[in-house]
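Before I ask anything, let me first share the structure, which is written out below as structure tokens.
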Amino acid sequence: MRWDRLFDDLQAQIEAAEAAELAGEVTERTRIEVGALHLADRLRAAVDHRVLFTCHGGEKVAGTLRRVGPDWLLVAEHAAREALLPLAAVTSVAGLGPLSAPGDQGFVAARLDLRYALRGLARDRAGVAVTLGDAGTVVGTVDRVGADFVEIAEHPGGELRRARAVRQVRAVPLAAIAVIRTGGS
């Protein structure tokens, strides 16, 4: 009887030590996996959820995350307005759930960078309001997209781009952009 209790006690100690070792190993592996995640991996898991972004210049964008590109995000602020955010302009994100979606981006999607999205706006002749990192805003139409800049024909918001309405064409470095909004207010 006494030997049985001794062996049971030793067995319980061994099992507790093995459980503690396994828990430590799981914790360490989890830290390693989280350390390999990128912000885009966290954001892909939040597509179709409401999220709050803070960007350079203190600009806040709240809405439903629609798409995550390799270096940009598309947020539906409301039914009539969308915001295109350069990922590099995001300073914080609130409202993310616990999940991540690592490696879900395909080869083609990885090549559709911010310049590609801006070229789509230029092709569509969509009116934009571009908030800069210094909190200034440029309103008009995207004319051209270069390797590291975008040219915006400045004209009053809500008007179509017509030569007589264009006040000037401004080149804006992509790195200076905090938020690009399309649609109404």
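Tell me the label only: which of (i) 69; (ii) 47; (iii) 36 is percent of Cα pairs over 25 Å apart as calculated from this structure?
Step by step, percent of Cα pairs over 25 Å apart for this structure corresponds to label (ii).
With θ taken as phi - 60° and the coefficients 6.51, -1.76 and 1.60, list the Karplus ³J(HN,Hα) couplings across region 89-96 in order, rounded to whole Hz; mark glycine and proline as x.
8, 6, 9, 6, 9, 10, x, 6
In nm, to one decimal, how far is the Ala19 label point from the Asp4 one, both placed 7 Å along Cα→Cβ?
In this crude label model, Ala19 to Asp4 measures out at 2.2 nm.
Before I look further, what does the chain give for accessible area per residue, probe 1.4 Å, in whole square angstrom?
It amounts to 61 Å² per residue over the chain.
Follow-up question, since we're still on this one. Stokes-Einstein D for region 133-176 at 10 °C, 1.306 mPa s, Kirkwood Rh over Cα pairs, in µm²/s?
This corresponds to a translational diffusion coefficient of 146 µm²/s.
Report the one residue of Val47, Leu118, Gly133 whose Cα lies farthest in the direction of the positive end of the charge dipole of region 38-184 (charges on C-beta: Lys and Arg +1, Asp and Glu -1; origin at the Cα centre).
Going by the charge dipole, the pick is Leu118.
According to the square roots a ≥ b ≥ c of the eigenvalues of the Cα gyration tensor, what is the shape class of region 39-146, taking rounded for a/c under 1.5, prolate for a/b larger than b/c otherwise, and oblate for the remainder?
oblate
The values are calculated or read from the model by the stated rules, or taken from the named source; none is laboratory data. Note that the structure is a prediction, hence the values are computed from the model and not measured. All Cβ positions, glycine included, derive from the backbone under ideal geometry; neighbour counts span all protein chains shown. The area values use the complete protein model at the heavy-atom level, side chains included, leaving out ligands, DNA and RNA. Shrake-Rupley method; radii C 1.70, N 1.55, O 1.52, S 1.80 Å.
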